[in-house]
Structure formats: structure tokens, C-alpha cells
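Input: a single structure, listed below in C-alpha cells.
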Protein chains: 2
Amino acid sequence: MGRTLKFWGWGYEDEGLDTAATDTLLRTFADAFGIAPAGEIPAPCVDDIALAPPRLTPPGSLTSICTSDPFERILHAFGQSQPDSIRIFARDFAHAPDVVAYPNTEKEIAALFDWAGSQGAALIPYGAGSSVVGGVTSDVSDRYKGTVTVDLSRLDKVLEVDPVSRAALIQGGARGPELEAQLKPHRLTLRHFPQSFEHSTLGGWIATRSGGHFATLYTHIDDLVENITMVTPAGRIVTRRLPGSGAGPSPDRFIMGSEGALGIITEAGVRLQGLPIFKATVGFRFTDFFDAARAVRAVAQAGLYPANVRIVDGVELQANGAADGSFTLMVVSFESADHPVDSWMARAEQCCLDHGAKVDVPWRDNPNAHLQGAVGAWRTAFIRMPYNREQLTPRGIISDTFETAVTWDHFEGFYHAIKEATETTIREVTGQAGAVSCRFSHAYPDGPAPYFAFHAQGRPGAMLQQWQAIKATASDAIIANGGTVTHHHAVGRDHQKWYEMQRPALFGEILGDAKRRLDPKGILNPGVVVR
Amino acid sequence: MGRTLKFWGWGYEDEGLDTAATDTLLRTFADAFGIAPAGEIPAPCVDDIALAPPRLTPPGSLTSICTSDPFERILHAFGQSQPDSIRIFARDFAHAPDVVAYPNTEKEIAALFDWAGSQGAALIPYGAGSSVVGGVTSDVSDRYKGTVTVDLSRLDKVLEVDPVSRAALIQGGARGPELEAQLKPHRLTLRHFPQSFEHSTLGGWIATRSGGHFATLYTHIDDLVENITMVTPAGRIVTRRLPGSGAGPSPDRFIMGSEGALGIITEAGVRLQGLPIFKATVGFRFTDFFDAARAVRAVAQAGLYPANVRIVDGVELQANGAADGSFTLMVVSFESADHPVDSWMARAEQCCLDHGAKVDVPWRDNPNAHLQGAVGAWRTAFIRMPYNREQLTPRGIISDTFETAVTWDHFEGFYHAIKEATETTIREVTGQAGAVSCRFSHAYPDGPAPYFAFHAQGRPGAMLQQWQAIKATASDAIIANGGTVTHHHAVGRDHQKWYEMQRPALFGEILGDAKRRLDPKGILNPGVVVR
């Protein structure tokens, strides 16, 4: 690759916000929310960080795929969550993995399981490290005699393409751009575009039940999987490649969401689509957020299956410099590899106009609609968003997101409860008002997936505790009001407490039994999904 | 209800083929396939059947919901499979349940679990008895000291309707017509129409991963479930009602397909749809079955999501008196509660014409297309089909179906392998050629769900062994050629052997652990899904 990954933030070292973009971001936070920089901690460098000596020494047969190089240990110590970022800037790397392994084969993965098990070490499967919920944070209990993080980036191949069924067999460590580049010559796409796309992997998507960028229908990785190969300490699980089946409980659906606690996903058969040719996008403004939500419901219940049907509230538009905060933006788009989408869009537009939409960017004869007006401004902000945190955390600004799903009948009360609980706790723990915004990331006929963001004035040295208090209140409110603690960010270490509240107790026992069956020494990703 | 169910066949005693329809059916089999009646065993009546005295006596607290009435024991001894039918006409009821229970509440179900467990009895959950795979056949191993069949028909209520989210909370024992009648005043429908619709239940659909009549998108019960309540001997599992979630492996998807081996589904939240207003149907003829299959693939991969996209081969049309066997029929239909479907249908029609389709019944300005030509003839035959068996079995004619799914790249070779294996075994075990036909019940972008039927000249007294040999060959061929042993008929007792070949061994162990956790005495539906 030649480029060095940035261990304190998103992407590569040569990417990020430039000075002007950072200034704009900080000015927006100050002007709109009264949140101002509290100093500025410089980004850490490897030499700043005191690592404990590695407690594990790989056996000779594994030395060629293992390293205890300080940069590798530091790079693999955290994911991309707000608490990860706070700890990174605090140079808090005492828990960094002792060894980072780069297996090339399933056999090497099995050997790593055996070795870690024999050493009493924890083993953390690592796709590309984009977890925002502590899913790869190598901070495990003192019960373990060390930690091995297993980076799957060498399993990056598209192994087979089946153009007839529109399917492919792909290795679990393939990142989004890598797998799409290998599919492109076949004029096919997996069309799964989570915001983490560049730095997340097929295996990671399946393990965490990733949600793609598109708002309806075939966007969740769950629906794009034909079969899975998972290597576990107890052996291999290979499910049968099928377009559909009713033979007993789905083994694929049991592996999906196991977040590295049951095994490592080495290969999957996936469903592909043709490259889209016909596209249309429209932007609407609403003065009332709930009118916009009702328009989303109308479109979601119409059986039109748009690529996108998204609303973004005024606070979120303002926080991202995409608008002045006076309206809610709605974006509807259709795309097809097969047919013009005008009939579909015309009907969706009518659903929106019926609910009070005002056109911001028209769709007819407008192939660049997605780049125009508030639609385009929001799109630009969305692409830039992952780089904000590495500028905000070191300046004492807390800025995080959480997401959920709830049925439409509950939505308005749910929204108010979550927003108020979060705002109240921000005020309590920071001494001043913050900002809480909401957009919809996905829309189902029976409910939306609301995606909240919050921004708060942190206090250097206390930011982790402040964040924990806000996160706990928001998560408590989600559980108390009937939502899911995560719709597509996954459980990780950060949601485990609330996941256990949400999950039927007996199903927790079943997962525990499965863990003991597949991972009898309990080495895999401790503290995540199954304790 | 007032009507008596027919224990030797489909539906109520006052329904069935009339003499003319029976004559036509028999003449078709004789003329087209050389399969002729071998005598005629009269339908059994209760007094014909020697039942062993019941081995179980319910405790006083359960007597009001339990019966050992001979008719009830006989009615609940079998489902609707070909071997069930053969055994019914052979008056083979030695295994009939000792007690049939009709619980009204979850508490009563829990009490039945406790009692059956204390007696060493097997307990068979029974929705409405339409299993075609031995799923409710009360023939369990000698390890059990008796059998209690639990008929869930008293749990038949729609408990809540949520018109905003288009969802409802419905009891597990509600049959199709019962639940649709309760939803209709709300102008909503579950729109799940398996062929067994009249005599199957919501809980049964979920337990068996039922496939609906429609060919694409929201037709499988799996996708229509918001949450589930299941009562197990170890306690209740209540999953959270959500439109979507990524919080760990899905507990709903683990319950779906458990076929009564882990618990009894007492309630489920389900996703509803508006009543369709706009409909269109078109019929095509193809001279080549594989051209028709390619047309299905084109439509399935176009992102149009038709209500139906189905092909029926010449043999199947002929066997059902719907055509002369000289062409393959393709039916495509769209329906919507929201918008006219012309744009959708026009594009689907073009996909079919591109693959050599000739119009049999046109769709434009033709609201009765579904009743016309071969489309209408097939529809009539389809509705009548469940009544054929009770006329064929007693006349020594074997007539059964099996269904599967496979990816498109495999389909042609798969089809030939299954068809030839089945035809060869029919010739071997019956001494003459039979007939094997194929249609598609469902179509996915990555593969079809082929649905085979076979008809063979049975030998009275040997029909069960003949059927077993044919079934075994067909199932072996499906497994060897990469299909699933069942796409929507379920595993039951009849597919268990092949299901275990298809299922990853470690997932089988996980299911076994779950069984021990939820049903520690192993009383629930022994021999099905988990041994």
C-alpha cells in the first residue's frame, strides 16, 4: 500500500481536515452551540507512548506472521469510538495487544487459536479496526495472560465470481474498496457501503451485522450473504451456499452478529448486483421534523424501495455546516441497473408533497441533484465526518453518535425521551447545554432507524467519565423506551450492558452454551456479545 | 365451527373432489402417464381403527383441557404427508397420541410441559396439522411413556393492531383465515398465503419458516416477524419488537425453524401490508423450460419484485389438467396497495419477451387475466390440488412433491440430476415409468426454488417402502448436487437425515445444547430438527 494508517484517528496519515475545514468546524460548534476548544493536545506519536513489554512470545512456527512492533501494537489497541479517541489522546495504551498476527490461511488462524489457548491469552479478531463500539479495543480482563490481535487484512481476495447468479466468494479480510475493485471488471457490485467502507471488511460486516448506506431493502449485509465459513477453536463451520432455505434455524443468522466471540469469518458467499445505470435524487425541505418523518413512513410503506429515503434535522445540518438549522432536509433517491426510475420517483415525490415537503433540489432532468443545494452540502459533510473526531477530541469537545430502531407508533415519544435524556445529562455533566441531533439512517415499513448525534463541551481529564455518563443515559433511555441498543453499529464492549438487558435471558444462555462449545477456553474477543 | 375436519385427507369432511373431478384426475394419470388405479380402499372411519388404550392420565388440573376421545387421537396422529396418507388408509394408528390437549393460556402450556416431563411423555406441538414432512406425526421412539399432542387452536386471537406501523400482535394458534378476518376491518393483511393457508397457523409458519404464495420479497414468514414469544420448559423467551436490529445474533432467527423442538410459539408481532388495489397478471408460453427459467432469472435480477414470477413445466400442467404438456407456462404478476403497476409490468414483460416468451394471456386492460387461459386453468388446479391425495392414495397411486433451492449457475445440471434420479428410482421400485415435473415456487436474484412433483404406480401393501425409496433418492440427489433439502416445507421427521447432512456439524451441536437448555427432559417433538 505504501500509506501509513493513522492510529489516532480515521484513515491514512496523509488524510484529514485541512486547517480551513478545522477552523470552520470549530467556528460552527462555537457559534451554533457555544462549544469552544479547551486547549489542544497534540496528536500522539509512537515515541510518546509507553508500552509494557510484550508478555507473549509466539512459537517458532508462528513468528513469521506475528509481530510485537510498537507501531503495530499501538495501531491495533483501539477502534474508532469516542472513548477510544479520548484514551488515544491521553496516551493510554497500557492494554495494547502483546502480539499482532497477520495470518494468511485458515490453518494459521487455527494455530493462533491453539497457541493463544495454551497461553491463557485473549485473541481479538480485527478486520480493519473501524468499530465505534469498542469491538476491537484490546482491553480485556486481568484473567488473561496477554492479548493477541489477529489482523485479517491478508485474507483480501475475491476467490470466485459467479456472473450467472450474480454472486461471489470473498475472503473475510477484504476491505470495501479492495473487494469492489476486484468485482468491477465483472461489472458487478456488492453495493454494501457503510460509512466505514474504506476501513472495514466483509468479515467484520458480517460479524457486526453491518448496515449499508442505502436506506431500504438490500442494504444490510445480513441479506447479502449466501453462506459463511467461520473458523473456531473447535473447528470449521461451513454453511451451504443457497439463495434461500427453510431447513431449520439459519446457521448464517446465528454467526451474523457474533462479533468475533464465536470464531473468525474467513470466507463468505455474497449476493451481487449490477452496476446502477439509472439514478435520480430529490431533496425536500420540511419545517417540521415529524412531518418529514411521516413522509418517510409514507414512502417506506408504499412498496417503492428507494435507494435512499433519509431525513436530517436542522441541528445536524447546522453542526455539519450544511444548512442554517431552520429546516429538516429529506433526500430520496432511486437507482437501478435495469430500468429508468421515473415512475418510482414520481410516486415517492407525491408521498412527500402530501406531507408538506417543499422541493429543495428537483429530480427531473437533473442528473447532478445529489451534488446540489442542501443535498450536496450534506453529502460533502457526510464524507468528511469521520475525520472530525481527531480534531475535536484533542480540543476537549465530545462529539459522538448512537443509533437505534423503533416502530413508527412509538417514534415521536421515543424521540423526545431520548433527546431530552441526552440533553439533560449533557447539561449535568458539562455544566452547559450541548446539542443533540437526529437523522434516519434506514427506513422500514414498520419503523425508522433514528441516528442521533450529540456534541458537548468536555473538560480535559474528565472527558471519558463525561462521555460515559451521557452514553449511559442515552442507552438507558433507548432500552426503557423500546428501541434497540444498536441497529447497525454493533454491541462491542460499549453496548454489552444494555444488550444484555435487551436480549432474552434464555437466548443469552444459549449464546453462552455456543461459546463454550466453539471456544471452550473462552479466548475469543472477551466481553463482547457473550461474556 | 360446526364442521368436522377430515382425518384422512385435506380440509373438512364436506369438502373434496366430486366424482367428475376424481374421474378427470384418474383419466389424466392413466392417459398421460400410464398410471392406473390399483383397486380402491375406502376411506377409514373412526370405528375401523384399533387404538391402544391411552397410557397417560392427565392430573385433575389439566383434565378440562385434555381429551383421549378416539376421534381426537386419530385426527392428531398424522399430518398431510404422502407417508401419512398411506398409513392412514392402512389404518396404522398404533402410535396415535394418548392425550390431546387444548390449552387456552401460556400457563396451561407450561403445566402441560411439567406434566409430560414428569411422565416421561413426548409432547408434540400442533398448529393445524398441515405438515407434509412428518412434523406433527406422533410417532416417537419407545423411550417415551406416551405422547401428548398439544393443539394450539384456542390461541387464535389478533391481540393488538398498530395501523401506524402496520403491524399486529397475534396468537400463535391463529389459522390463516382467522387472522386475516380479524385484520380485514383494519384494511390490513399479513399477505402470507402458503398453500396450506386454511389449515396452518401463525406459530406453525414461524416454527417451520413457511414460504408464502408470492414469489419474491416479503412472502416468507421470516421477513414478516417483528418479535416472538415462545414458551419453553425452561421458561419464556420474549424477543423485543423492532423493525430492525443489529444487536447480536438474532434470537428471532434462532426460534424460526425450530419446529416445536425448542418450545411453543404463543404470540408474534408481525408486519402487515395494505390491501392490494392495483393488480396485473400476464401469462406466457415457452417451448423450452430453460428459456423460461432464464426469463425468471432476468425478472428476478431486474429489481422489480413482482408478486409472482412462476414457471410450470408441461408435465405439471398436464398432470393437473391445465394444458396438453406441449409448453411451459410462465405467470408474472404485480400488485400494490399504493400505485399502478404498469411501469413495473411493462419492464418485466420485456425481460420475458427477450427470452422467447409468447403471450398466452395479455395483461393490458385485462383485470381478469388471472382467470384466463392456462393461467386460470393452473390457478384452478392449484386450489384443488390438496384434495387429490385422498383420492390417489387409496387407489395405489403415489403422488408427492418436494422442493428445494439452488443458485442459478447450478440450476440446469441440478434439475437434470434430480429429475433423472427420481425417474430412475420410480422405474426401479414400481416397474414402470412415472412422471416427474417441476415448477418454481419462489425466485431470488441468485437462484430459484424449484418445486418438483412425482407420480408413480404404487403397489398396494408396498407403497410406503416404494415412496421411501423414491424420496431417499431424490433427497440424496438434492444434497449431492448442492440444493437444500427443504426450501419451505420444513424438516420434520421425513427430512431429518438429509438435514443433518446439510447442516454444519458444529451448528448441530449448538442446537443440541440449546435443546438441553430449553427442554432438558427432551420431551418436545422428538426426532425433529434436534434429535
Under Karplus coefficients 6.51, -1.76 and 1.60, residue-wise ³J(HN,Hα) of region B:410-417 in Hz, glycine/proline x: 8, 4, 5, x, 4, 3, 5, 5
Copies compared at A:Asp342 - label distances in nm, ascending, label defined 7 Å from Cα in the Cβ direction: 1.3
Rounded, prolate or oblate (a/c below 1.5 giving rounded, otherwise prolate when a/b exceeds b/c) for chain B by Cα gyration tensor: oblate
Cβ-based exposure ranking for A:Arg143, B:Arg166, in which fewest neighbours within 10 Å come first: A:Arg143, B:Arg166
Mean-position separation - Cα centroids, region B:167-210 and region A:1-78, in angstrom: 54
Selection from A:Gly458, A:His410, B:Ala110, by position along the positive dipole direction of the protein assembly as shown (Cβ): B:Ala110
For residues of A:407-414, the mean tally of beta carbons on other chains within 10 Å: 4
Calculated from backbone phi, Karplus (6.51, -1.76, 1.60) coupling profile of region A:90-107 in Hz, x at Gly/Pro: 7, 6, 8, 10, 4, 8, 3, x, 6, 9, 10, 10, 10, x, 9, 9, 4, 4
Distant-in-sequence amide H partners of B:Val225 (H built 1.01 Å from N, under 5 Å): B:Arg271
Ranked packing of A:225-232, A:210-217, most packed first, by mean Cβ within 10 Å: A:225-232, A:210-217
Dipole of region B:158-274, positive end: most advanced residue of B:Phe254, B:Leu272, B:Leu159 [Cβ charges, Cα centre]: B:Leu272
Computed over region B:278-386: relative contact order in percent, which uses C-alpha pairs under 8 Å that are six or more apart: 40
For the protein assembly as shown, size of Cβ-based charge dipole, Lys and Arg +1, Asp and Glu -1, in debye: 940
Förster radius 60 Å - calculated FRET efficiency between B:Tyr12 and A:Asp47 (Cβ-Cβ, nearest 0.05): 0.10
If the convex hull is drawn through the Cα atoms of region A:409-530, its volume per residue in Å³: 124
Farthest positive-ward along region B:200-316 dipole, Cα basis, beta-carbon charges - from B:Ser245, B:Ala293, B:Val312: B:Ser245
Sequence of A:Leu392, B:Leu17, A:Leu272 once ranked by neighbouring C-beta atoms within 10 Å, starting from the fewest: B:Leu17, A:Leu392, A:Leu272
Pairwise centroid distance, computed over Cα atoms, of region B:417-457 with region A:123-151, Å: 51
Cα centre as origin, Lys/Arg/Asp/Glu Cβ charges: region A:43-151 dipole, Debye: 200
The protein assembly as shown shape via C-alpha gyration tensor axes, a/c threshold 1.5: prolate
Across the identical copies, how the B:Glu420 labels are spaced - nm, sorted shortest first, 7 Å along Cα→Cβ: 7.2
Amide H partners (placed H, <5 Å) of B:Leu123, local residues excluded: B:Val148, B:Leu524, B:Asn525
Chain A, relative contact order in percent, only Cα pairs under 8 angstrom and at least six apart counted: 17
Calculated from backbone phi, Karplus (6.51, -1.76, 1.60) coupling profile of region A:331-340 in Hz, x at Gly/Pro: 10, 10, 9, 10, 8, 8, 8, 10, 8, x
Partner lysines for B:Lys184 [C-alpha distance under 23 Å; skip if fewer than 8 residues away on the same chain]: B:Lys157, B:Lys279
B:Asp18, B:Asp313, A:Asp288 arranged by Cβ crowding within 10 Å, fewest neighbours leading: B:Asp18, A:Asp288, B:Asp313
Long-range HN-HN contacts of B:Glu403 with modeled amide H, under 5 Å: B:Phe452, B:His487
Gain upon complete extension [B:His186, B:Gln350; 0.36 nm per residue less C-alpha separation]: 55.4 nm
Cα centre as origin, Lys/Arg/Asp/Glu Cβ charges: chain A dipole, Debye: 780
Beta bridge orientation in the protein assembly as shown: antiparallel %, DSSP, nearest 5: 85
Label 7 Å beyond Cα on the Cβ vector: B:Asp47 copy-to-copy distances, nm: 10.4
Contact order relative to length of region B:158-274, as percent, for alpha carbon pairs under 8 angstrom and 6 or more apart: 33
Ellipticity estimate at 222 nm from DSSP helix runs (n ≥ 4, -39,500 (n - 2.57)) divided over the protein assembly as shown, nearest 500: -9500 deg cm²/dmol
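Just so you know, all these numbers are worked out from the coordinates, no wet-lab data involved. As the structure is a prediction and not an experimental result, all values here were calculated from the model. Neighbour counts run over all protein chains shown; Cβ positions are idealised from the backbone, glycine included.
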